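No lab work stands behind these numbers, since they all come straight from the coordinates. Computed from a predicted structure; not experimentally measured. Using ideal geometry, Cβ is built from the backbone for each residue, glycine included, and neighbour counts are taken over all protein chains shown.
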Amino acid sequence: MRSLRRATFAAALLASTLVMPIAGQTAKTTSTAERGTAAWTNTEMLPWTPTISAAVEQEAEAVFCCDERKLGMTLIEIGTVMVVPWFFNRHVSDDSTAVLSLESWGRNIREGFEWDHDNFKTNMFAHPYHGGLYFNAGRSNGYSFWESAAWAWGGSFLWEMFGENNRGAINDWIATAVGGIAIGESLNRASRTIWDNEATGTERAFREIGGFLVNPMGGASRLFRGEMAKTGANPEDRFPAVVRTYLNAGVRHVGEGGTGASSTGGTVQFELGYGDPLVDLERPFDSFNFFVQINGRNEEEGIGMFRIRGGLWGKELSESSKVRHTFRLEQLFQYINNQTIETGGSALAASFNSRWNFSDTWNLGTRVAPAALLIWGTESEYADFTKRDYDFGTGGGLLLGAGLHKRDRPIIRVDWASIHQRNLNGAAGTHWSHFLLTRLNVPMVGRLGIGGEYWLFIRDSNYRDFPDVYRRHPEFYAFLSWDTSSASFR
């Protein structure tokens, strides 16, 4: 099963990397400094943008979703997302929790929520991903971001109350809904850049498959509406101002101090930067950052890290030819599950972002972001009585970051995060978690580069009833990189 999950997820990443038209061959590429103030407002069409006739535009309006909300299809898709896992649990896995009755439903409603004891991967990754399916059932059928968020909350609640015969889990409801919003919208936006309603033939087939792997609910909606085989105009907002992708592959060494001895193995990282966080501030997730790390055989878990940072609302604070300052309310989703550390959850951050242009070639970006943890989990040595190896809690933190860029290509990056979690369920106490990331990426030939990364995690756990724990875990990563950071669609 683990190999199947790895292969499926890798296929989705590969599809999004290969078929998304952001390699720069057709896009006009300019640096941030060269674009200047005009680039922040320029909506000029590119020379290669195809002209669509009025007849085709009318046909597209009649074919492609959605000028109106499609309630029936949304309910069918959400119902399918619920019935399929229930059927598997009941008739394939023979899971006793899937034996449902009116009595079990009534008991769940009367007794309300509890905290469950599922493993970290299930609670903090699988459930949020499932929430993304609920979200995109609405998003792909004409509902707005905030309306689709309601579908994520509602779908998660229905499953907790009626999908199993044990009491609903409050941590599952929150993690599934909130994490599902971040995962759902980022995959929805990414899939829209892959699908091309004007493409035909083999290219169209690969784009439809790639988009389906990235956004299964959106792909299913296109299939049910017959849009996969029809041509027409693409949405005007199909692309953001800028799309950046980074693909790193190399060797990662985990130092001593983790859950096992030090080890070395291959690692692949993929990062998508959608939009400009200092420019695209109007709508939720007009800009976001999506990062995933695939571990090698030296790790038990294939997906070692999964992180999303998306803007919900923003405002320009000041602007000149040399510097631009903005404020952005952000939604954060983080999942880290490897030999070094097990932590993650959902949070909101008030992010103050700046960009200083030193010349036409070099610029520096900075970020200061106090954060509030909505639901968070951190590994614990004393959580056995909950049948979990981690504690649930809420809290706050501070995120700091700086990056030096040459022609919009990241050269040096430094990030620091300090997170304080007060446990709500698990061993009574608190966790202080500190993260340090330093990365150097040197361009070589074309978009190919070589780089190195040092990652340090420190956890200082203070318990009421048990001895305190202090752990320090370093990692080193040497890699080759493929970078399309200068691809611009304005």
Could you calculate the FRET efficiency of T97 with E300 from 1/(1 + (r/R0)^6), where r is the beta carbon distance between them and R0 is 22 Å, rounded to 0.05?
-> 0.30
Across 10 Å bins from 0, what is the distribution of all Cα-Cα pair distances for the range 61-224, in whole percents?
-> 11, 36, 32, 15, 5, 0
Protection-proxy order for peptides 238-246, 432-440, 347-355, each taking the mean of Cβ atoms within 10 Å per residue, highest first = 238-246, 347-355, 432-440
Fewest Cβ neighbours within 10 Å first, please rank H473, H117, H405 accordingly.
-> H117, H473, H405
For the range 385-390, in residue order, the Karplus 3J(HN,Hα) values (coefficients 6.51, -1.76, 1.60; θ = phi - 60°; whole Hz; Gly and Pro = x) are 5, 8, 6, 10, 9, 8
Among all the lysines, which ones have a C-alpha under 29 Å from K315's C-alpha, if same-chain residues fewer than 8 places away are not counted?
-> K28, K406
Please work out how much length the chain gains when fully extended from F87 to D460, using 0.36 nm per residue of separation minus the C-alpha to C-alpha distance, in nm with one decimal.
-> 130.0 nm
Alpha carbon convex hull of the range 355-490, volume per residue in cubic angstrom = 142 Å³
Quote the FRET efficiency, to the nearest 0.05, computed for W313 versus L71 with a Förster distance R0 of 25 Å and r equal to the Cβ-Cβ distance.
-> 0.40
Cross-link partners of K121 among lysines (Cα-Cα below 16 Å; sequence separation of 8 or more within a chain) = K387
Round to the nearest 0.05 the FRET efficiency obtained for L329 and T361 when R0 = 22 Å and r is the Cβ-Cβ distance.
-> 0.10
